[in-house]
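Scroll down for the structure; my scribbles are underneath it.
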There are 2 protein chains.
Amino acid sequence: MPKLGMEPIRKAALVKATIVEIGRTGNLDVTVSQIARRAGMSPALAHHYFGSKEEMFVSAMRHILTLYGAEVRGALATATTPEQRVQAVLQASFSPGNFRREAVGAWLNFWIMAQTMPGARRLLAIYQRRLRSNLLAGLRPLIGARAGTVADGLSALIDGLYLREALKHGLPDGRAAVLMARTYLDCALKEAER
Amino acid sequence: MPKLGMEPIRKAALVKATIVEIGRTGNLDVTVSQIARRAGMSPALAHHYFGSKEEMFVSAMRHILTLYGAEVRGALATATTPEQRVQAVLQASFSPGNFRREAVGAWLNFWIMAQTMPGARRLLAIYQRRLRSNLLAGLRPLIGARAGTVADGLSALIDGLYLREALKHGLPDGRAAVLMARTYLDCALKEAER
DNA sequence: TTTTGTTGATTGACGAGTCAATAAACTTCG
DNA sequence: CGAAGTTTATTGACTCGTCAATCAACAAAA
């Protein structure tokens, strides 16, 4: 009973199912059959819409990035001062949603894929550029020329804190990560105004 | 022609081959046959010495950790002041060896495994504890009670900087990472003496 | 009837782990 | 010392399973 216009619906379902399955297993040992079953269709249909499993993975990562980007934009919308802008990025980066099993699995395997898959590497570069640029927008009014270095450090710190919190036993605490990043930030700001 | 006492030799060869293969592919899609071939033996023999592929992976990670630990100890041996102790940890963490393809692959997949494999999780906890303790030993004489927080922040920053440098296009530059971490450290020290 | 949606069946391949069998080195004990 | 037995090393062949991708065929909408 083919209703037309199924393509975007099917693709969205597959992307979501891919993320769930990666979160479930923790790695990329996920079969097209599993994904398709979870998305409520046959494996053949999955291959029909995405040419290959790899394309499913890349699309899944793109979706994760889109979600994260939306969260950042939402947080930035309520920020008025430069400090609040930086704080907004931190808040969004360590929001509870980012620590769900699916998100953690997606990010960790994102890094794995970025090693070898050009599409993944490109996406990761986009994420990094956007993060840096968002931080820079908040930092430049505060510390001018020194903003670049601080943005780089803060970016790395965000990734590192996320990694540690995500791999920690027990329920991860995003607020602790935000606090730790803020400490770095405050320190850098004081150093600059000296 | 079985010469006796082959076990340690074979195991070492398999561990090394496992690391090389993970570095080659970037992920854990490595077959026992590939590993065994590279180690110069039959797949059956690999299964004989390690009960399963998973045990090979865990042993490979243990080896990576051992190498890293030795590098840290070596660097610490030449340090006399507390500052030099911290600096030694940074230097060892960002040494060129850690940025070889095999090492990067090992670490990235280490994190993947730590999500679900208890053995890997335990190893990661050991690494984190040791890193923290090494940093603490250098930081406590400098800033006393505040050392804990700074050690945590510096640990996360090390992981984050490593991740970024390892995934960067082109040849990674450990010295840049050391410098970035030093900036954080100096900032924290100045803040503390205020 | 052309396009879009959908699937069952199939292909062709690969892979982890087992097992039986062979061979050499060590041990025991008469 | 030397034969019989034991342990260690080693592999080819095999089992049982899986999986990505293809294809032919069917159904319904335009």
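Scanning segment A:46-88 for residues that are within 16 Å of DNA strand D (Cβ to nearest atom) and either within 24 Å of A:Gly105 (Cα to Cα) or surrounded by 17 or more Cβ atoms within 10 Å (Cβ to Cβ) (or both) yields a total of 14. Being within 16 Å of DNA strand C (Cβ to nearest atom), more than 14 Å from chain B (Cβ to nearest Cβ), farther than 25 Å from A:Pro118 by Cβ and touching a Ser or Thr at 6+ places or on another chain (Cβ under 8 Å) is a description that applies to A:Ala36.
For A:Ala137, the criteria (1) in contact (Cβ under 8 Å) with a residue 12 or more places away in the chain; (2) within 19 Å of the chain's Cα centre (by Cα); (3) within 20 Å of A:Arg73 (Cα to Cα) hold in every case but one, which is (2). Scanning segment B:28-45 for residues that are outside any helix (DSSP H, G or I), more than 10 Å from DNA strand D (Cβ to nearest atom) and open to solvent by less than 50 Å² (accessible area, probe 1.4 Å) yields B:Leu28, B:Val30.
A:Pro8 falls short on exactly one of the conditions (1) free of Cβ contacts under 8 Å to residues at least 24 places away in the same chain; (2) within 16 Å of the chain's Cα centre (by Cα); (3) open to solvent by 40 Å² or more (accessible area, probe 1.4 Å), and that condition is (2).
Any residue that is within 16 Å of DNA strand C (Cβ to nearest atom) and within 25 Å of A:Val30 (Cβ to Cβ) - is there at least one of those in segment B:61-84?
Checked against the condition, which is being within 16 Å of DNA strand C (Cβ to nearest atom) and within 25 Å of A:Val30 (Cβ to Cβ), segment B:61-84 yields no hits at all.
Scanning segment B:1-27 for residues that are within 16 Å of DNA strand D (Cβ to nearest atom) and within 14 Å of chain A (Cβ to nearest Cβ) turns up B:Thr25, B:Asn27.
Out of the residues in segment A:11-27 meeting the condition of being within 15 Å of DNA strand C (Cβ to nearest atom) and under 12 Å from A:Ser59 (Cβ atoms), tell me which one is surrounded by the most Cβ atoms within 10 Å (Cβ to Cβ). If we take residues in segment A:11-27 being within 15 Å of DNA strand C (Cβ to nearest atom) and under 12 Å from A:Ser59 (Cβ atoms), then A:Leu14 is surrounded by the most Cβ atoms within 10 Å (Cβ to Cβ).
Taking the numbered list (1) surrounded by 13 or more Cβ atoms within 10 Å (Cβ to Cβ); (2) within 22 Å of B:Arg122 (Cβ to Cβ) in turn, B:Gln91 passes all entries but (2).
The values are calculated or read from the model by the stated rules, or taken from the named source; none is laboratory data. This one's a predicted model, so the numbers in the text were calculated from it and none came from an experiment. Every residue, glycine as well, gets a Cβ built from its backbone with ideal geometry; the counts of neighbours run over all protein chains shown. These area figures cover heavy atoms from the full protein model, side chains too; ligands, DNA and RNA do not enter into them. Shrake-Rupley method; radii C 1.70, N 1.55, O 1.52, S 1.80 Å.
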